[in-house]
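Okay, structure first, notes after.
The values are calculated or read from the model by the stated rules, or taken from the named source; none is laboratory data. Every value quoted in this text rests on a predicted model; they were computed, and no experiment measured them. Here Cβ is always computed from backbone atoms with ideal geometry, including for glycine, and neighbour counts include all displayed protein chains. These area figures cover heavy atoms from the full protein model, side chains too; ligands, DNA and RNA do not enter into them. Shrake-Rupley method; radii C 1.70, N 1.55, O 1.52, S 1.80 Å.
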Amino acid sequence: GALHGEIFAASCDAGGAGLALALAFDRTRDDERPWLWVQDRAALRLAGRPYHPGLPPALRRRLIHVSAATAQDALFALEEGLRCRDLAFVLGEVAGNPRALDFTASRRLSLTAERHGVPLWLVRLDAGVDLSSARMRWRARSAASLPPRWNAAAPGHPAWRAELFRARSHPPGEWILHDDG
């Protein structure tokens, strides 16, 4: 466990949460434990609540959602979630650059995640890039869907453009990710 990734995304774009879920699900595919999604009030207003039918089927029934009043309350809930080894992973969504989420808070989350072995992905909506202890830092946005095979008028599968701009053990790069079922 660690603060595996910090993902920066625009509030009007579902790319951040989509990328975080894809990365988390890929690492915990065979894990049957519940997982925690924490949103502060501003993130909830900008991005909305998790949409159960839109989640991967294996994750739907295991979701624990927490709506926090402030970024400070969200950080508290994230840290408490990381202390619970009965969680497969923790996903946090915070809007902007709140004072409570400085380098010290980021480092504290990283240390808690490492100590208890629970991975953490933090989505930052409409935030500027600042100091962080995250192992990987991404920019995410939606990408154009591939055309469907049988019906050209139907929407395609979701796709994201993910740019890894800082990582300790990987070279920077850019990828197009898509969910093909």
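One table, with the values for the structure above:
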item: Matching residues in the stretch 172-181 - criterion: being open to solvent by less than 80 Å² (accessible area, probe 1.4 Å), modelled with pLDDT under 85 and not in a loop (DSSP other than H, G, I, E, B); result: Leu177
item: Enumeration of residues in the stretch 1-50 that are acidic (Asp, Glu) and open to solvent by less than 40 Å² (accessible area, probe 1.4 Å); result: Glu6, Asp13, Asp31, Asp40
item: Test: residue in the stretch 21-33 that is in contact (Cβ under 8 Å) with a residue 12 or more places away in the chain, more than 21 Å from Ser106 (Cβ to Cβ), part of a helix (DSSP H, G or I) and in contact with a Phe, Trp or Tyr (Cβ under 8 Å, 6 or more places away or on another chain); result: yes
item: Number of the condition not met by Gly1 [criteria: (1) in a loop (DSSP other than H, G, I, E, B); (2) modelled with pLDDT of 90 or more]; result: (2)
item: Those residues of the stretch 133-171 which are under 30 Å from Leu111 (Cβ atoms), modelled with pLDDT under 85 and open to solvent by less than 60 Å² (accessible area, probe 1.4 Å), in sequence order; result: Ser133, Ala134, Trp160
